[in-house]
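The values are calculated or read from the model by the stated rules, or taken from the named source; none is laboratory data. Just so it is clear, the structure is predicted and the values come from calculations on it, not from any experiment. Because the Cβ atoms are built from the backbone with ideal geometry, glycine has one as well, and the counts that use them run over all protein chains shown. Quick note on the areas: whole protein, heavy atoms, side chains included, nothing else; ligands and nucleic acids left out. Shrake-Rupley method; radii C 1.70, N 1.55, O 1.52, S 1.80 Å.
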Amino acid sequence: LAVLWAVGGSLELQKREELAGWIAQGTTVALPSGSLIDYEVNIEDGEWVSWDRKVPAMEVETHKVASSDILIATVDTVRHEELLVRWLKEHRPVLLCGPPGS
C-alpha cells in the first residue's frame, strides 16, 4: 500500500489502478478483493477497510447547491483528507501537485 501511494500518488486514476494491479500480482500478502486503491489498512487490527465506508452521508439543501463553499464528500476527498491529516500530524513536508481544483 505504501509503495502504491509513494510511487503512484501523482498518477492519473487509470495508471494508478494499473500500478495497483501490478503490485497485487507480485505480492504474497493477502489483499482485499477489488482494486487496492479502494482500501486502506486499519492500524489497530491490520484489516483492510474500504474508503467507501468512511464517506459520510450528506443531505444538501437545494438553495445551497450553487454556493461555492459547499464540499461534497467523495471517496477521493475523504482519502486525500485522511492522508493530509496524517502527514500534518507528523509534521511532514507536503507538496501537492495537480491542476487547479484538484
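So the values come out like this:
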| quantity | calculated |
| --- | --- |
| Loop-located GluC sites (Glu not before Pro) in segment 34-102, at most 15 other Cβ atoms within 10 Å (DSSP) | Glu44, Glu47, Glu59, Glu61, Glu90 |
| Normalised contact order of the chain, rounded percent, pairs of Cα under 8 Å and 6 or more residues apart | 17 percent |
| Acute angle (nearest 10 degrees) that the helix 13-25 long axis makes with the longest principal axis of the chain, alpha-carbon atoms | 30 degrees |
| The chain: most fluctuating residue of Val41, Val29, Val55 per GNM, C-alpha cutoff 10 Å | Val29 |
| Within the chain, helix-based [θ] at 222 nm, where runs of 4 or more DSSP H residues each add -39,500 (n - 2.57), nearest 500 | -10500 deg cm²/dmol |
| Convex hull of the chain built on C-alpha atoms - directionally averaged projected area, nm² | 8.5 nm² |
| Heavy-atom accessible surface of segment 16-102: percent carbon and sulfur, 1.4 Å | 55 percent |
| Max mean-square fluctuation residue, GNM over the chain, Cα-Cα springs under 10 Å, options Ser35, Ser68, Ser50 | Ser68 |
| Karplus (6.51, -1.76, 1.60) ³J(HN,Hα), θ = phi - 60°, over segment 29-37, in Hz, Gly and Pro reported as x | 6, 5, 10, x, 6, x, 7, 4, 6 |
| Debye, to nearest 20: dipole size of the chain, +1 on Lys, Arg Cβ, -1 on Asp, Glu Cβ | 280 debye |
| For segment 84-96, 3J(HN,Hα) per residue [Karplus equation, 6.51 cos²θ - 1.76 cosθ + 1.60, θ = phi - 60°, Hz, x = Gly/Pro] | 4, 4, 4, 5, 5, 4, 8, 6, 8, x, 10, 10, 9 |
| Selection from Pro32, Pro56, Val78 lying farthest towards where the dipole of the chain points positive, charges on Cβ | Val78 |
| Cα-based Kirkwood hydrodynamic radius, segment 37-95, one decimal, Å | 13.6 Å |
| Surface/4 estimate of mean projected area, convex hull on alpha-carbon atoms of segment 1-61, nm² | 5.7 nm² |
